[in-house]
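One structure below.
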Amino acid sequence: MRMVRRLLDLAGVGGERVHLQWVSSAEAQRFADVAKTAVESVRELGPLDRSGLQMEIEACALTLNGETLRWLVGKEVSITSKGDVYGRLWAVEKYESVLYNMLEREYQKNLIYLAVKEGRSSVRDISSRTGLGLKRVSYLLADLEKTKRVEFKGMKDRKPMFAAL
C-alpha cells in the first residue's frame, strides 16, 4: 500500500487518493464507515485532472506490472527473514529503501519510454515532457537502450535522437 501511494505521489496523482481497509462481510457498519471516510477524503482533494496526467498514470501501470518491481516485492519476506543468497539478513527499512529507489527508477524509465513513444526524440524534448533533469534522462535512456526499449537513431544538429522500439 505504501508503495502504491509513493508511486502515485511521484506521478503527481497523490497517494492520499488510495484507501485500503480489510473489512469482513460480517462488518456492515464498519464497511459503511470506511467507505464514507474514503469518499469524504477524496472529495476534499477535489477532482483529478486525468487528461493532464495520462502519461504519468500509464507509467504507473507499467511500473506496477513490471518484472523488476514484482520480483523485489516477492523477495522481501525471504530476504528480510531468512537472508539473501550470501546469508545476510536485511533490515526491513534497508530493503524498503532499495525497493523505493527501484520504484522511482522504474517509474522514471517508463515515463521516458512513453515520452519517446509519443514522438519526443531528443534528450531536451524528453526532459521537457517528463520534468526530469537532462542528466537523469540521459542516464536512464542508456538503460532503456540496453533493455531494447529505445534505440539511438542518430544525430540531428549535434543532438542524439532516440526512438521507441
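General observations
- The number of residues in segment 26-35 that are farther than 25 Å from residue 2 by Cα and either in a helix (DSSP H, G or I) or open to solvent by 100 Å² or more (accessible area, probe 1.4 Å) (or both) comes to 2.
- Cβ-Cβ under 9 Å pairs, at least 6 apart or on other chains, segment 146-165 side touching a residue at least 12 places away in the same chain (Cβ under 8 Å), far side part of a strand (DSSP E or B) and open to solvent by 100 Å² or more (accessible area, probe 1.4 Å): 160/153; 161/153; 161/155; 162/153; 163/153
- Residue 5 surrounded by 15 or more Cβ atoms within 10 Å (Cβ to Cβ), over 16 Å from residue 109 (Cα atoms) and of a type in the set (Lys, Arg): yes
- Residue 39 in a helix (DSSP H, G or I), over 27 Å from residue 129 (Cα atoms), touching a residue at least 40 places away in the same chain (Cβ under 8 Å) and not aromatic (Phe, Trp, Tyr): no
- Test: residue in segment 51-73 that is over 30 Å from residue 135 (Cβ atoms) and not acidic (Asp, Glu): no
- Single match in 62, 20, 69 (criterion: loosely packed, with under 10 Cβ neighbours inside 10 Å, touching a residue at least 12 places away in the same chain (Cβ under 8 Å) and closer than 20 Å to residue 6 by Cα): 20
Conditions tested, residue by residue: (1) touching a Gly at 6+ places or on another chain (Cβ under 6 Å); (2) small (Gly, Ala, Ser); (3) more than 30 Å from residue 147 (Cα to Cα).
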{"site": "9", "(1), (2), (3)": "yes, no, no"}
{"site": "27", "(1), (2), (3)": "no, no, yes"}
{"site": "37", "(1), (2), (3)": "no, no, yes"}
{"site": "88", "(1), (2), (3)": "no, no, no"}
{"site": "96", "(1), (2), (3)": "no, no, no"}
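- Test: residue 13 is under 25 Å from residue 103 (Cβ atoms), touching a residue at least 24 places away in the same chain (Cβ under 8 Å) and assigned to a loop (DSSP other than H, G, I, E, B): yes
The values are calculated or read from the model by the stated rules, or taken from the named source; none is laboratory data. Quick caveat, the model's predicted, so the values are computed rather than measured. Reconstructed Cβ throughout: ideal geometry from the backbone, glycine too, with neighbour counts over all protein chains shown. Surface accessibility is based on the protein's heavy atoms, side chains included, excluding ligands, DNA and RNA. Shrake-Rupley method; radii C 1.70, N 1.55, O 1.52, S 1.80 Å.
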